[in-house]
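The values are calculated or read from the model by the stated rules, or taken from the named source; none is laboratory data. Note that this is a predicted model, so its numbers are computed, not measured. The area values use the complete protein model at the heavy-atom level, side chains included, leaving out ligands, DNA and RNA. Shrake-Rupley method; radii C 1.70, N 1.55, O 1.52, S 1.80 Å.
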Amino acid sequence: YGALELTISGTASIVGHVTMHPGEPMRQTRETIRNLRSLVEHARIAPRRSDQGPPALLKVYLRDPNRVREIDTLLRAWTSGSSQIMDLHGTICRRDLEIEIEAHDSVAAHHDGDLHPDVQADRREARP
């Protein structure tokens, strides 16, 4: 099936509908990393890169630009330097969030069995 684009938009330190760790950007970053890992795992598609690591590009939206160094240090430790990280200062969707991350990657599905069942169903319906 070739390459697919994986885009994870606006991932943050939210569990269910609850903001986790208000006012604690480092703990929010760790929670966001857990959420990103879960989403990538749930997608059930293998990254093209052999390391099967984090997405190739992370767009990091920070409420307080003075926190960029410590947040970058944490993200670089998680990615082992394999991801490009873009730090952006901007408005975050909730007042109690300090950070939000978008992730982008090219991924390859080896065969239909590697795809989430919903994606498999969509592909079957799209075939002529």
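Here are a few things to note about the model shown:
- Of VAL68, VAL18, VAL60, the residue with the largest accessible area leads and the full order is VAL18, VAL68, VAL60 (1.4 Å probe).
- Note, ³J(HN,Hα) from phi for the stretch 12-26, Karplus 6.51, -1.76, 1.60, rounded to Hz, x at Gly and Pro: 8, 7, 10, 10, x, 10, 9, 6, 9, 6, x, x, 10, x, 5
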